[in-house]
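Here is the structure we will look at, set down as structure tokens.
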Amino acid sequence: MLAGETTLHDLAVTHLRLVEGQLQQFRARRALLRTIVRNR
């Protein structure tokens, strides 16, 4: 494989990391919103 080539695996790993980061942010926002709603 030539230097600088990106494999499908590399792309999948990068995408998975991004999606997992977004998921953590959504979970934190959901927890905050649930707290606000419950303490109404």
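Coordinate-derived values only; no laboratory data. None of these values were measured; they are calculated from a predicted model. Don't worry about glycine lacking a Cβ; one is built from the backbone with ideal geometry, like all the others, and counts go over all protein chains shown.
Would you work out which of Val37, Leu8, Gln24 lies farthest towards the positive end of the dipole of the chain, given +1 charges on the beta-carbon of Lys and Arg and -1 on that of Asp and Glu, about the Cα centre?
Towards the positive end, the residue furthest out is Val37.
Starting from the 7 Å offset along Cα-to-Cβ, what nm value, one decimal, do you get for the label separation of Leu8 and Asn39?
4.8
Step by step: find N for the chain, compute 2.2 N^0.38 Å, then divide the Cα radius of gyration by it. What's the final number?
1.97
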